[in-house]
1. Mind pulling the angle between the C-alpha long axis of helix 85-94 and the longest principal axis of the chain? Nearest 10 degrees, somewhere in 0 to 90.
2. Quick one: Cα convex hull volume of segment 203-309, Å³ per residue?
3. What whole-number distance in Å separates the alpha-carbon centres of segment 118-139 and segment 383-412?
4. For segment 324-411, report the % of Cα-Cα distances exceeding 17 Å.
5. Hey, can you find the accessible area per residue of segment 116-177 for me, probe 1.4 Å, expressed in square angstrom?
6. List residues of segment 58-93, by number, whose backbone nitrogen lies under 11 Å from a label position 7 Å along Cα→C-beta of ALA45.
7. Could you state, as a whole-number percent, how many of the C-alpha pairs of segment 186-240 are farther apart than 14 Å?
8. Considering the zone a paramagnetic label at ASP274 would reach in this model (a point 7 Å from Cα along the Cα-to-Cβ line), which residues of segment 376-412 have amide N under 14 Å from it?
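The values are calculated or read from the model by the stated rules, or taken from the named source; none is laboratory data. Only a predicted model underlies this, so the values are computations on that prediction, with no experimental measurement involved. Backbone-built Cβ (ideal geometry, glycine too); neighbour counts: all protein chains shown. Each accessible area value is taken on the protein alone, full model and side chains, heavy atoms only, with ligands, DNA and RNA left out. Shrake-Rupley method; radii C 1.70, N 1.55, O 1.52, S 1.80 Å.
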Amino acid sequence: MAPRHQAPKGTFDILPADEAARALVAEHSARLLDAAGFGRIETPAFEDTELFTRGVGESTDIVSKEMFSFSDRADRPLTLRPEGTAPICRAYVEHGMHKDPQPVKLWYAGPFFRAENPQKGRYRQFNQVGAEAIGTDSPLADAELIVLLDEFLRGLGILQLELRLSSLGSPTTRAAYREELRDYLREHEGELSSEVRSRIDSNPLRAFDSDHEGTRAVVASAPTLLERLEGEDAEHFAAVRRLLDAAGVPYRLDPALVRGLDYYTRTVFEFTCDSLGAQSGVGGGGRYDGLVEMLGGPPTPAIGWAAGVERILLAMAETPPWARPEVFVVCGDGDAAFDLTLELRRHRISAQFDLAGRAFKGQMKQADRSGARFAVILELDGSAKLREMESGDQREVDPAELPAVVIAAREA
Ligand code: HAM
């Protein structure tokens, strides 16, 4: 018998049964990004290798270890694209898009290639959906893009998300900070992993990314770049945070957020979903104000993100859209239940209420059946109680404070 072949390590076949979920993600991407004014762009699956060595950075894992590179018959070095931002900036310059009204907003979807060690959620060929706004330095663009990614993921039913946010400042702030960090790491050289030690000079920031116990202990008390932001960098970051707060998108400041690409400046962010295990990054991105110029274009600030389709599909499988609500609103007055349910949802609390005109007892039964963690019992006199369904514990709460009370109770 002839030997049987298998799909290469870290790759997979997409079978007819897998297509429906993928089509849903594709339609959702197109609908959301088209409506937000992004035009779709498609670039080749491979590029000149130099685009990535220059654009993404020689010392990154992606360039130093993970590229599928080859040469054509004329010995031109080529590489299967490991990411989409450098190719899009290449296309922006090549097609003179800097002469168009700015910013130029582009989105893309397709396969990317990294020679990583495969595991759940980490493959050698995977798909990304991405969006880039090129030609704007406004913090409004940072906020717009982050809110868009939040909407993109939530719209697919992925609810258990955490947004980690940081700023890398400008290249000068970063250079000064790098020096400070190098000195600090050298003082603790003996406690670091050999990999981090060997990169103290080339890429000290990667120490924050290490799983090595000794290294983690050292970086826990290292100075952070966020503490060193000043002037316009600090103002920019404060504006982004203010806009996210106003949009009601919660985030955690993470001074140790290191993205594995060298082109970032100022804002960086990543959405993680804990249920995914080790590969929890569903989507991320940031500003790359120097990349277009580095690739031969005029100085052009820009920001964007990419999300991994396979990780999205895994996360969607973990949180089915019919997941139980967090709160069931019980109230004799349908209009009041409607108002409160919408108010809770505006605070990202999944909430339901009775639509069948049930009496109080029937609504309580319905709350139980829905699997909700809490029932809010809203009395006709305007008072309210929060009931923990499992224990039956119940307490008076101020209806105006309900979203905050539920969020606090969630963590209790
Ligand atoms: P990235 O964080 O390297 O960013 O990748 C974006 C997303 O692609 C990750 O959050 C993850 O979901 C998915 N991903 C990455 N590697 C793999 C893999 N080996 N297997 C499965 N999924 C993976 C970028 O690529 C930047 N170009 C994002 C960006 C756009 N920054 C600015 N604009």
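1. 60 degrees
2. 141 Å³
3. 39 Å
4. 38 percent
5. So segment 116-177 comes to 35 Å² accessible per residue, rounded to a whole number.
6. Within reach of a label on ALA45: 80-81.
7. Every Cα pair in segment 186-240 considered, those over 14 Å come to 57 percent.
8. Zone members listed by number: 410-412.
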